[in-house]
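I'd like to ask some things about the structure below.
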Amino acid sequence: MSENTASTQPKRRPRPPHGPGAMMPGEKAKDFKGTIKRLLSFMGRFKGAVLIVFLFAIGSTIFNIVGPKVLSQATTELFNGLTSKVSGTGGIDFEAIARILATTLCLYLASAACTFVQGWTMTSVSQRACYQLRRDIAEKIDRMPMGYFERTSTGDVLSRITNDVDTLGMSLNQGLTQLVTSVTTIVGVLAMMLSINVVMTLETLVVLPIAAVLVKVIVKRSQKYFFQQQETLGLINGQVEETFSGHAVVRAFNQEERAIEGFERDNERLYESAWKSQFLSGLMQPAMNFVGNLGYVAVAVLGSFFAVQGVITVGDIQAFIQYVKNFTQPITQLAQVSNVLQMMAAAAERIFAFLDEPEVRDREATATTEGVTCDVEFDHVRFGYTADKPVIHDFSARVREGQTVALVGPTGAGKTTMVKLLMRFYDVDDGAIRVGGNDVRDYDRADLRSLFGMVLQDTWLFKGTIRENIRYGKLDATDEEVEAAAKAAFAHHFIMTLSHGYDTEINEDASNVSQGQRQLLTIARAILANRRMLILDEATSSVDTRTEERIQRAMDNLMEGRTSFVIAHRLSTIRNADLILVINEGDIIEQGTHDELLAADGFYAGLYNAQFAKEGAVVEEEL
């Protein structure tokens, strides 16, 4: 295997569930105020649309608040008309009632129209914000050093561009408008209740502390179960993913019962936390209804008394009861908005933290690869993934254009690191690497990498057809060129045995083709790319010996006239290399051809003899 001297792999953590719900309830931002301030600055680019949202949200709320007061006049008119009719002094003025109802209808239609405009605009704003953040993150990824991705799990980066952005968009869409409408409703309803009767309003406010206490108790108790639910759900997701992706291994070692036991244990924990969290959160509505009903009873008693006294009308009582209902609802919404804002800040903080990561800073490119020779010089190169732990101490070597150079040495010696430095995945700490006489740091990174074709031990294929995967090396290649490359890589035969040939769909993890077949496809891709320099990282490690011999001949033809770097563990594949560099602990300890190094009877000879018995059979010993 290729060594990874950058860092050890992080401990595997369960992958969080996808979607907005992946943000755990109660998760808080470390710097809430700072994050909200930065988020407001980011949203400044949509300030015109946000202002429209605010205006229409306020307008919708005001129209909705005024509605019950106007409708109360119809109730009063109807009550007075019935009273007059019973007493024989008059009748019901249906024309007046019709005018009042028409006015009320217009108010509610205006409220609905404002709600539609506000909702449509806010949805547009939140999705445009998500679009911009996803684009910023995608562009940021291209500017970040490779070291970040070697020390950060793929799941964490994926979570920021999916879960966190989705959570932010959902929170913006719901939380912002809900905050405006809730505050406007509370202020407006309070003003309308005071205009009807001050004493009844004060009596309604008495029940608010009861509601606040109930909300606090319920939220405090349910929050820990919500957190536990999401945490356990992440464990189960990770367990299911691992079990299914390694299903063959589980069966091979007869670990089915253990896997089921682990799943049942976590599933039981999920059941316990889920029903408790759902039950407790479900108490919120009946608790608030209970408080609201207390308010209704008090309003009915006091309202009846004041109506008898002639202080207020029957319609005012009816309007007041509606206002009491409208008053308790936004208070509950504000409690929910608080959680939504916390989730929004936590998601935004993670997004901004990613966008603030240090980027690769390049000096201005002063050289171009156009027409440049592919001579390579390593001039006293020194490099370490961390400043206090150098991996390459003092590496010097010269490679002429067209030469095949093999890098040999034990795991962790620095072979793959040299390739990463050559392609500028990292820059040297001291010394220089020159291509065509120019320091690689004088080239644009993309321009420099356009010189190289790569075949790695860890094959990478994407979901798509075999034809599309091979064509990835040269996007404008014809079908004939794709098939020619496959034939050169000895992949054509197995491709034609598949049900749809070159149009066979490769699934997401490429599990419907074997490891060796995947390797052949990546070699075909490199052949099609036809780059001037090649990097082969144990390119034939996953194929059988007979196929290896055929591929080696194809690779020899491919490397003809090209500067090639071959990282080799199976030394049988590099006997014909023009130059073999034997690397140990970041330094070249031997160099020469295969025969010269064997004759020297040094470190290389020891490695070679460890792989081959006296009869010449290969001993598959991992170095």
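The values are calculated or read from the model by the stated rules, or taken from the named source; none is laboratory data. If you're wondering where the values come from, they're calculated on a predicted model, not measured in any experiment. Note: ideal-geometry Cβ built from the backbone for every residue, glycine included; neighbour counts use all protein chains shown. To get the accessible areas, we keep the full protein, side chains included, count just its heavy atoms, and leave off ligands, DNA and RNA. Shrake-Rupley method; radii C 1.70, N 1.55, O 1.52, S 1.80 Å.
In nm, to one decimal, how far is the modelled label at S195 from the one at E359, with both set 7 Å along Cα→Cβ?
If labels sit at S195 and E359, their model points lie 5.4 nm apart.
Give me the 1.4 Å probe accessible area per residue for the chain, excluding ligands and nucleic acids, in Å². Write out the running numbers ahead of the final one.
Values: 32180 Å² over 623 residues.
Counting only protein heavy atoms, the per-residue value for the chain is 52 Å².
Over what distance in Å are the Cα centres of region 130-202 and region 426-459 separated?
Comparing the Cα centres of region 130-202 and region 426-459, I get a distance of 42 Å.
Shape call for region 174-236 from the C-alpha gyration tensor, a ≥ b ≥ c root eigenvalues: rounded (a/c under 1.5), prolate (a/b greater than b/c) or oblate? Walk me through the numbers before you get to the answer.
Details: a/c = 7.85, a/b = 2.16, b/c = 3.64.
Cα axes put region 174-236 in the oblate bin.
Which residues make up the longest stretch of the chain that has no chymotrypsin sites (Phe, Trp or Tyr not before Pro) in a DSSP loop with at most 14 other Cβ atoms within 10 Å?
Values: sites that count: F253, W460, F462.
Here the longest segment lacking exposed loop sites spans 1-252.
At 222 nm, what helix-only mean residue ellipticity would the chain give, in deg cm²/dmol to the nearest 500, using -39500 (n - 2.57) for each DSSP H run of four or more? List each step's numbers first, then the result.
On the way: 22 runs with 371 residues, N = 623.
Rounded to the nearest 500, the figure is -20000 deg cm²/dmol.
Let me check against my output: what whole-number percent is the relative contact order of region 462-524, with C-alpha pairs under 8 Å and at least 6 apart?
Details: 64 pairs, mean separation 31.4, N = 63.
The value is 50 percent.
Which entry in (1) 160; (2) 201; (3) 225 matches volume of the Cα convex hull per residue in Å³ derived from the coordinates of this structure?
Correct label, based on the coordinates given: (3).
Translational D (Stokes-Einstein, µm²/s) of region 126-169 at 25 °C and 0.890 mPa s when Rh comes from the Kirkwood sum over C-alpha pairs? Display every interim value, and only then the final one.
Details: Rh = 11.0 Å.
Calculated translational D: 224 µm²/s.
Whose amide H sits under 5 Å from the amide H of D430, counting only residues 5 or more places off or on another chain, with H placed in the peptide plane?
For D430, the qualifying residues are R382.
Averaging sequence separations of C-alpha pairs under 8 Å and six or more residues apart, then dividing by the length of the chain, give the relative contact order as a whole percent. Provide the component values of the computation, followed by the final result.
Numbers: 890 pairs, mean separation 103.1, N = 623.
Dividing the mean separation by the residue count of the chain yields 17 percent.
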